[in-house]
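First comes the structure, then the notes that go with it.
The values are calculated or read from the model by the stated rules, or taken from the named source; none is laboratory data. Worth saying up front: this structure is predicted, and the values here are computed from it rather than measured. Cβ placement follows ideal geometry from the backbone for every residue including glycine, while neighbour counts extend to all protein chains displayed. These area figures cover heavy atoms from the full protein model, side chains too; ligands, DNA and RNA do not enter into them. Shrake-Rupley method; radii C 1.70, N 1.55, O 1.52, S 1.80 Å.
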Amino acid sequence: MNKQKRPNFIIAGFPKCGSTALHYYLENHPQIYMPKQKELHYFTSHILSKLNNGPGDKETKIWQLSNIDDYENCFKNAKPEQVIGEASPSYINYPCQFDTIKEELNNPKVIIILRDPIKRAYSNYLHLVREHREDLSFYEALLNEDERVNEQYSDFWYYKFNSTYFDKIQQACKKFEKVTVLTQEELNKDTKATMKKIFTFLGVEDSYVPDNIDQRYNHGGVFKDNFTTRFFFKQTKFKSIIKKTIPIPVQVKNVINKVVGKYRVPTPEIEPKTEEYLVQYFKEDVQNLKNFGVNVSLWNKNFF
C-alpha cells in the first residue's frame with residue numbers, strides 16, 4: 001500500500017461501545033482523515049465472511065471490504081499533512097490478526113473503546129431485536145451463544161464474547177507500541193476532555209473542539225414496531241449495497257436519528273437473574289481490567 005494513503009491509527013473495537021461517535025468526532029478535526037465508510041473490517045473480512053449463518057447475516061457482510069484496492073481507495077482523499085484513521089470494531093476480537101495489522105499499517109496507534117460489559121451485551125441484543133433478527137429473550141440468547149458459535153452465526157450474535165475484554169486488550173498492548181484504552185462512559189460523561197486526550201495521543205492539535213461534540217450517535221434502546229422503524233432498522237441486501245456504494249453522511253445520520261427517535265419507548269430493565277448471571281460471568285474480567293488501570297468506576301456496582 002502507498003504509505004501516504006494508509007491508516008496511522010485504528011479504532012479497534014469493541015462493538016456497541018461508541019466507535020461511531022468517536023469516528024465522527026475525529027472526522028471533524030481538520031488534521032485527521034477518516035474514510036466516509038465506517039467499519040471497513042478489511043483485516044478481519046476473511047474471518048467474518050465465513051460467519052454468516054444467522055438470520056440476516058449475509059446481508060450485513062456485503063459492505064465489508066476484502067480487496068486491497070478497495071481498502072486503499074478509502075484513503076485516497078487524505079491530505080499529506082493529515083493523520084489517517086479507520087474504525088473497525090471487529091479488529092480487537094481477533095488477536096490472530098494483530099501481526100498482519102502491525103505489518104501492513106506500520107505499527108499504527110490503537111484506540112480501544114469499551115463499556116460496562118452487561119450494558120454492552122444488552123445493547124448488542126437490542127440492536128438485533130430492532131432489526132427483527134433476534135427472537136429469543138436476552139437470557140435465552142445468552143445461554144444459546146455456544147450453539148450459535150457452533151452454527152457459525154455472525155460474531156455480532158456473540159453477546160458475551162463481545163463483552164469479554166481483558167485478554168484481548170492485554171494482547172493488543174503487548175503487540176502494538178502505542179495503545180490507549182477508554183470507556184464509553186468516560187466519553188459520554190466528559191466528551192470534550194476525553195477527546196482532548198485522544199487528540200494528544202494522535203499528535204494533533206488537542207485544543208480543537210469538534211463542532212459536533214454535543215451530538216450523540218447510534219442511539220440504542222427500544223422502538224415501536226411500525227413501517228418507519230422497520231424501514232430504517234431492518235437489514236436488507238439493497239440497503240447493504242447502498243451503504244457500501246454511498247456511505248451515509250453524518251448529516252443524514254442525524255436526520256435519521258431524529259426521525260426514529262419519535263418512536264422510542266422505555267427500555268425494559270434486565271431481569272435480575274440475567275444480571276446476576278452476567279455479573280458472575282464478567283466479574284473476573286472486570287477485576288483484571290481494574291488492576292490493569294482501566295477506569296471501570298462507572299460500571300455495574302455489583303462487580304466490586
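Per-structure values
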quantity	calculated
Residue in segment 199-210 that is in contact with a Leu (Cβ under 8 Å, 6 or more places away or on another chain), among the hydroxyl-bearing types (Ser, Thr, Tyr) and more than 20 Å from Gly54 (Cα to Cα) present	no
Condition met for Lys243 (farther than 17 Å from Leu142 by Cα and modelled with pLDDT of 70 or more)	no
Subset of segment 260-289 that is surrounded by 14 or more Cβ atoms within 10 Å (Cβ to Cβ) and among the aliphatic types (A, V, I, L, M) - its residue that is nearest to Tyr159 (Cα to Cα)	Leu278
Conditions (1) open to solvent by 60 Å² or more (accessible area, probe 1.4 Å); (2) within 29 Å of Glu269 (Cα to Cα): number failed by Val222	(1)
First in segment 281-304 and among the aliphatic types (A, V, I, L, M), second anywhere and open to solvent by 70 Å² or more (accessible area, probe 1.4 Å), Cβ under 6 Å, 6 or more apart	Val296/Lys290
Any chance Thr20 is within 21 Å of Asn218 (Cβ to Cβ) and touching a residue at least 12 places away in the same chain (Cβ under 8 Å)	yes
Residues of segment 77-91 satisfying the condition of being over 14 Å from the mean Cα position of the chain (by Cα), closer than 30 Å to Arg115 by Cα and assigned to a loop (DSSP other than H, G, I, E, B)	Gln82
Scope segment 15-39; condition more than 26 Å from Glu205 (Cβ to Cβ) and of a type outside the set (Lys, Arg); matching residues	Pro15, Glu39
Scan of segment 190-232 for residues that are within 29 Å of Ala121 (Cα to Cα), polar (S, T, N, Q) and at pLDDT 95 or above, ordered by number	Thr191, Thr194
